[in-house]
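Below: the structure, in structure tokens.
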């Protein structure tokens, strides 16, 4: 028996070079220093994405897009054994994934892991975050409850303010003049087919780049002489720690999903007014509050345009930071990039809190 | 982008470069034709329900028989064409009808009897409940008004005869 396994291994190795992979895993190390804690957050984001695939496929078994959407989610939540748990886990893991991705992004930013040669790691990561937000926006409509209805209505009215192509584009995504069964059907196609087709290969590229370049060292470690830097083997040492973090994350998800099951509101009714106290999810709260305040200060459409312009400038600056702070160790540009990151971080936390206080 | 002709690799004369340019432009043009031939049906296919909805008979008038029983100081939500609309019976017996779509980002507004105002819960826009004028918050314009005619049996709401 042992011989058979051995010869099967050699047969495969001859054709696929398993030895090369083995050598790669053996030699891969992960740096260890005061900021090593932040190396786990990409992996945690990956875990939540895997949970999304698993629970998403399970929801697919019973979910019906189109005019039946609300009824099918109601059946999943109340008439299907553990349906509430699968749906709750899907919603909670989506939120946790946005949270871990944000932590991952800010830690990469402040550790300056975007510098040469890791620019494409930064850009593919931002691409993944953008796709994750579209995942969130499209998935939010699928239950077709009141909150979902108004979130989509407002979300699509923002691009339709853009001149010339805006209204056409929004109508094309909406598939109708109002948010209705056509909208939910095409959001479903987007959420369950198109976005995964884009996300998975981009994620593959992102992960391949991480393997190619290895973990980035923060500037404080780079300054140390090579002999003083410490690292641990990836296999099994770091992998075990990684898996321990995954276990903690799964426990957190299980507690949240089972003790705070995700709610299903009243069915969307196109003639009912928006309920008082309606507000977006936490990850859109900062943008919501900024638009709201600017709308109060600058009356008319100008407020919206100022807000959207501000977001565009901030996002472009964020994207281009690897080109601005390309390889400086502790120069002026490196400090400016850090201040810009702190400004965005503090501004988004402050406007989020302000948004919740103002409800 | 076009490459400058390289004298070492190219036979003398401009004929070769011109032919290459021609092939490039032609290939690009044919490529664009294919993209359009593919893109146009796909665009029309995706846009089809919007065309259908726009092609429906435009609603000019809605009769609301049950609205005659609407008590003073209350409002009734109804559909005017594809859009939600609101009929308010004011305490002073004045009747007002408006398209209930907020001019800010399109949420459906509500009548708040205790404050006698129209309110949008999404971003806090406030409108006058008699005229539809925007009072505070982000809305840039007044709500669209509708004409109201009262009869014995019903309330008839119609498109304004003179656009405001």
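The values are calculated or read from the model by the stated rules, or taken from the named source; none is laboratory data. What you are looking at is a predicted structure, and each value in this text was computed from that prediction instead of being measured. Note that each Cβ is placed from the backbone with ideal geometry, even for glycine, and that neighbours are counted across all protein chains shown.
Just one of the listed residues (A:256, A:217, A:247) is out of contact with any strand residue (DSSP E or B) (no Cβ under 8 Å at 6 or more places or on another chain) and in contact (Cβ under 8 Å) with a residue 12 or more places away in the chain, and it is A:256. Looking at this structure, is residue B:44 in a helix (DSSP H, G or I), assigned by TED's automatic domain parsing to the domain that holds residue B:120 and surrounded by fewer than 14 Cβ atoms within 10 Å (Cβ to Cβ)? So residue B:44 fails the test. Residues that are within 26 Å of residue A:158 (Cβ to Cβ), buried (at least 16 other Cβ atoms within 10 Å of the Cβ) and within 12 Å of another protein chain (Cβ to nearest Cβ) are absent from the stretch B:55-76 altogether. Please work out which residue is modelled with the highest pLDDT, limiting yourself to the stretch B:113-123 and to residues that are within 21 Å of residue B:79 (Cβ to Cβ) and facing chain A (nearest Cβ under 9 Å). So, considering only residues that are within 21 Å of residue B:79 (Cβ to Cβ) and facing chain A (nearest Cβ under 9 Å), the one modelled with the highest pLDDT is B:119.
In a residue-by-residue description of the stretch B:61-77, the property of being at pLDDT 90 or above and touching a helix residue (DSSP H, G or I) at 6+ places or on another chain (Cβ under 8 Å) applies to at least one position. Within the stretch B:139-153, the presence of a residue that is assigned to a strand (DSSP E or B), out of contact with any helix residue (DSSP H, G or I) (no Cβ under 6 Å at 6 or more places or on another chain) and within 13 Å of chain A (Cβ to nearest Cβ) is excluded. Kindly indicate whether any position in the stretch B:60-68 is under 23 Å from residue B:140 (Cα atoms) and not in a loop (DSSP other than H, G, I, E, B). Checked the stretch B:60-68: no residue is under 23 Å from residue B:140 (Cα atoms) and not in a loop (DSSP other than H, G, I, E, B).
The set of residues in the stretch A:286-340 that are more than 14 Å from chain B (Cβ to nearest Cβ) and touching a strand residue (DSSP E or B) at 6+ places or on another chain (Cβ under 9 Å) is empty. Taking the stretch A:220-251 as the range and being surrounded by 13 or more Cβ atoms within 10 Å (Cβ to Cβ) and within 25 Å of residue A:87 (Cβ to Cβ) as the test, the residues that pass are A:246, A:249, A:250. With the condition kept exactly as written, say whether any residue in the stretch A:265-274 is surrounded by 15 or more Cβ atoms within 10 Å (Cβ to Cβ) and without any contact (Cβ under 8 Å) to a residue 24 or more places away in the chain. Checked against the condition, which is being surrounded by 15 or more Cβ atoms within 10 Å (Cβ to Cβ) and without any contact (Cβ under 8 Å) to a residue 24 or more places away in the chain, the stretch A:265-274 yields at least one hit. Among the residues examined, residue B:131 qualifies as farther than 22 Å from residue A:355 by Cα and part of a loop (DSSP other than H, G, I, E, B). The requirement of being more than 14 Å from chain A (Cβ to nearest Cβ) and either in contact with a strand residue (DSSP E or B) (Cβ under 6 Å, 6 or more places away or on another chain) or closer than 16 Å to residue B:60 by Cβ (or both) is satisfied by residue B:159.
Yes or no, residue by residue, for (1) touching a helix residue (DSSP H, G or I) at 6+ places or on another chain (Cβ under 9 Å); (2) modelled with pLDDT of 95 or more; (3) within 30 Å of residue A:163 (Cβ to Cβ); (4) assigned by TED's automatic domain parsing to the domain that holds residue A:146:
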| residue | (1), (2), (3), (4) |
| --- | --- |
| A:201 | no, yes, no, yes |
| A:214 | no, no, no, yes |
| A:224 | no, no, no, yes |
| A:236 | no, no, no, yes |
| A:245 | yes, yes, no, yes |
| A:250 | yes, yes, no, yes |
| A:258 | yes, yes, no, yes |
| A:262 | yes, yes, no, yes |
| A:291 | yes, no, yes, no |
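One residue is enough: does the stretch B:7-20 have a residue meeting the conditions modelled with pLDDT under 95, at the interface with chain A (Cβ under 9 Å from one of its Cβ atoms) and either surrounded by fewer than 13 Cβ atoms within 10 Å (Cβ to Cβ) or part of a loop (DSSP other than H, G, I, E, B) (or both)? No: zero hits.
Being in contact with a strand residue (DSSP E or B) (Cβ under 7 Å, 6 or more places away or on another chain), assigned by TED's automatic domain parsing to the domain that holds residue B:86 and surrounded by 15 or more Cβ atoms within 10 Å (Cβ to Cβ) is the requirement here; does residue B:146 meet it? Against the criterion (in contact with a strand residue (DSSP E or B) (Cβ under 7 Å, 6 or more places away or on another chain), assigned by TED's automatic domain parsing to the domain that holds residue B:86 and surrounded by 15 or more Cβ atoms within 10 Å (Cβ to Cβ)), residue B:146 qualifies.
Counting the residues of the stretch A:144-160 that are over 19 Å from residue A:65 (Cβ atoms) and either touching a helix residue (DSSP H, G or I) at 6+ places or on another chain (Cβ under 6 Å) or not assigned by TED's automatic domain parsing to the domain that holds residue A:188 (or both) gives 2.
For the stretch B:90-100, taking the residues that are surrounded by fewer than 22 Cβ atoms within 10 Å (Cβ to Cβ) and in a strand (DSSP E or B), the one that is farthest from the other protein chains (Cβ to nearest Cβ) is identified as B:95.
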